[in-house]
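Undergrad: Attaching a single structure in C-alpha cells format; questions to follow.
The numbers here are math on the coordinates, done by the rules we state, and not lab data. Quick caveat, the model's predicted, so the values are computed rather than measured. Cβ placement follows ideal geometry from the backbone for every residue including glycine, while neighbour counts extend to all protein chains displayed.
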Amino acid sequence: MLFARPKSILLLALLSRVHALTKLSKEDSANGFRNSFRGWSSFPLQAYDHPEHQDYGPAWFTEDNLLKQARALQDLGNGYDYLMLDSGWSDGGEGDENGRIKPNKTIFPDFKAFSKQVHNMGLKLGVYIVPGAFNSDIVDNKPIADSQFGMSDVNTPCSTDAPFPCTFGRRDLQDNPASRAWVSSVVKQFADWEIDLIKFDYIHPKASNESPLDDKLPDGYSNFLDVDIYHDAISASGRQMWLLLSYNLDISHDATERWRKSADSYRISTDVNNPVDGKSVPAGITTMVSWFAIQKMSEALRIYMSAQLSETRNLKGFADVDSLMIGNTGFLNGLSAAQRMTYMGLWAMSGAPMYLGDDLTKIDDAYRPWLTKKEVLEIHDDWTSQESPGIYVNPDGSRNPSQLQIWEAGPFGDDEEVVVLLANMGCTERADRYEPPWGSNCQPGGQNVVATYEVLQLQGRYCVRDVWASEDTGAADTQVSKVLDEGQSVLYRMTPNGKGGKNC
Ligand SMILES: *[C@@H]1O[C@H](CO)[C@@H](O)[C@H](O)[C@H]1NC(C)=O
C-alpha cells in the first residue's frame, strides 16, 4: 500500500494531463437505447396554418400526405427512419369499446395497414398521446381489456365543465391496478400495431408556465406517475418503444433524474417552430422557423448541459431540442444558409434525436447534401449521441450565456479526437418573441470567435478539419478561431497530431 499510493497519483496526474477535457459518461436510456435517432415529425407542418398559405395545417394531416412524407423519408435514407405522427392521429373524445386510445378512422381507415406500409418502407412509426384516460369512458365504465377492472376503477369522473382536472376530456391516472391495466392495454395494442415511439405531451412539471392551461393546474402537479406507468407497460409489452416526453420540461436536477428513470428523451424547451396561424404570432411571421427559436434553444441547452456538469456527470437518456428544419426554402423557411448550418451543427453537437420538421417532398437541392452529410451524421451517431454530447463554454472560460459560443465534445475513440463548434449566435431578431440573455449587448457583424486551449482544456498539436467544408485546415497548437458573421458557425474535428493517420 505504501508504495502503491504514489504510483497511482502519478498515473492520475498523467491521465489528467491527457484527458483534461470533461466528458460525461453515458448509460443506456430507460427503454434501452444507446443512440438517439433521426426521423421526421408531422408537427411543424400540421401546425402551419397560415391564412395565406393553405397547403398545410390540420387539413393537410391525411393518410395520403403522410405516406408521401414517408416515401420521401425513405428516399432521404442515412438513418432518418422514424416517422412521428403528432396529435390528431387519434380520436380526442373517447377510446374504443375498451377505452383504449384509437386512431381517427376518417384519417386512417385501417391504421394497422398504414403501419405495415410504413414498416415495409424500412421505417419506424411514432404516435402521440397526452396524460390520463378518457373521462367519457370512465363515465360509461367500459371494461378494460384483459382485466377484471372497468374504467371507473381508474378514477372518479371529472366535471367536464372544469378546465382541470378534465384537461382534454382526460381524467388523471392513479397509482392503482386499474390505471396500470388500462395503460397496459393501450401499450399492448400499440405493440400489436408495431409502434416504435410514443410522444407523451403536456407533461408537467414544466420549466415555466406558458399556456393558460398550465396556470389552472394545482401547485405541485406532476405527471411522474403517468410516465412511470407507461414505462412499465412498455417493458411488459415485449416491444421496444422510445418514450419521448414533451414539452418545456422542468430540467432541474431532481426532475431530470425522474424523467430519465422512465423516459428516453425529454424536451428541454418550447416548440422550435412558429405557431403560424395568423393570430397568436406577431404580424410578419410567415415562416415555420425563425432564428430567435434557435438562439433560445442554444440557451436551454447551455443551462441543461451546465447542470449535468455540476450535478451528475452521468447521462442517461437524451435532451430533446425539437425539430430540425433546414431543408425547405420560400415561405416555409426564412433562415439564411449560415443559420441553417449552425442549427444543424448545434443539433448534431447536442446528441439529441434529430427529427426533421420540413416538408420532405420539397427539400431544396442546396440543403439535401447537408442533411445527409456523413461526417456530421457520424459525429452525431458515434460520438455525441452515443458517448457524450457537446458541452458549452464561453470564450472567456466561464459557462455564462454568451453571443459567441463554444461547444466541445470528446475525446472520442482510440485517437482521442475532439469536436468543437464555434458560433456567433448574433443579435436579437425578434425581441417581441425572445430576448437572448446577451440582450442588447450584442456585437453586430463579424466577430472573431477564439477558443484557446486553456478554455478547451487541450494540450499539444491537433490537426484540424473543417467538417462542413470537408477540408483539412492545418495544425493548431494553442487555439482555434474563426471570424464568424451573425448566425454563422464552424464545426471542427480535431485529431491529435500523429493519430488517425493525420500529420500536420
Ligand atoms: C377525425 O379527423 C377528421 C379530419 O381531420 C376531423 O374532422 C374529426 O374531427 C376527427 N375526429 C375526431 C373524433 O377527433
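Undergrad: Considering amide H positions built from the backbone, and no H for Pro or chain starts, which residues 5 or more places from Met354, or on another chain, come under 5 Å of its amide H?
TA: Phe37, Arg38, Gly39
Undergrad: Here's another thing I want to ask about it. Only bridges with both residues in segment 28-389 count here: give the DSSP antiparallel percent, nearest 5.
TA: Numbers: 5 of 30 bridges.
Antiparallel bridges: around 15 percent, rounded to the nearest 5.
Undergrad: If you line up the long axis of helix 253-262 against the longest principal axis of the chain, both from Cα atoms, how many degrees apart are they, to the nearest 10?
TA: 60 degrees
Undergrad: On C-alpha positions alone, give me the angle between the axis of helix 4-18 and the longest principal axis of the chain, in degrees, nearest 10.
TA: It is inclined by approximately 90 degrees.
Undergrad: Under 5 Å between amide hydrogens, which residues at least 5 positions from Met325 or on another chain qualify, with H placed 1.01 Å from N in the peptide plane?
TA: Gly357
Undergrad: Using mean Cβ contacts within 10 Å as the protection proxy, how do 239-247, 476-484 order, highest first?
TA: Working: 239-247: 22.0, 476-484: 16.3.
Those peptides, ordered most packed to least, come out 239-247, 476-484.
Undergrad: While we're looking at this one, here's another question. Projected onto the charge dipole of the chain (+1 at Lys/Arg Cβ, -1 at Asp/Glu Cβ, origin at the Cα centre), which of Val130, Ala338, Leu45 gives the Cα projection farthest towards the positive end?
TA: Ala338
Undergrad: Net charge within 14 Å of Gly410 by Cβ-Cβ distance, Lys/Arg positive one each and Asp/Glu negative one each, not counting Gly410 itself?
TA: Charge balance near Gly410 sits at -3.
Undergrad: Just the ratio, please: alpha-carbon radius of gyration of the chain over 2.2 N^0.38 Å, N its number of residues.
TA: It is 1.02.
Undergrad: So, one more: Applying the Karplus parametrisation 6.51 cos²θ - 1.76 cosθ + 1.60 with θ = phi - 60° to the phi angles of segment 178-195, what ³J(HN,Hα) value in whole Hz is obtained for each residue in order, glycine and proline being reported as x?
TA: 5, 4, 5, 5, 5, 4, 4, 5, 5, 6, 4, 5, 4, 4, 5, 7, 6, 6
Undergrad: For helix 337-350, what angle does its Cα long axis make with the longest principal axis of the chain, in degrees from 0 to 90 and rounded to 10?
TA: Taking Cα atoms only, the helix is inclined about 80 degrees.
Undergrad: Can you tell me the FRET efficiency between Asn141 and Phe224 if r is taken as the Cβ-Cβ distance and R0 is 22 Å, rounded to the nearest 0.05?
TA: Details: r = 27 Å, r/R0 = 1.23.
The value I calculate is 0.20.
Undergrad: Beyond a 26 Å Cα-Cα separation, which of these cross-linked pairs lie in this structure: Lys105/Lys188; Lys26/Lys199; Lys105/Lys316; Lys23/Lys206; Lys199/Lys261?
TA: On the way: Lys105/Lys188 20 Å; Lys26/Lys199 23 Å; Lys105/Lys316 38 Å; Lys23/Lys206 28 Å; Lys199/Lys261 16 Å.
Table pairs above 26 Å Cα-Cα are Lys105/Lys316; Lys23/Lys206.
Undergrad: May I pose another question? Sequence gap at least 6, Cα distance under 8 Å: using those rules, report the relative contact order of the chain to the nearest whole percent. List each step's numbers first, then the result.
TA: Values: 1034 pairs, mean separation 73.9, N = 504.
Result for the chain is 15 percent.
Undergrad: Once the other residues with Cβ under 13 Å from the Cβ of Ser147 are scored (Lys, Arg +1; Asp, Glu -1), what is the net sum?
TA: Working: positive: Arg100, Lys142, Arg180, Lys188; negative: Asp146, Asp153.
It works out to a net charge of +2.
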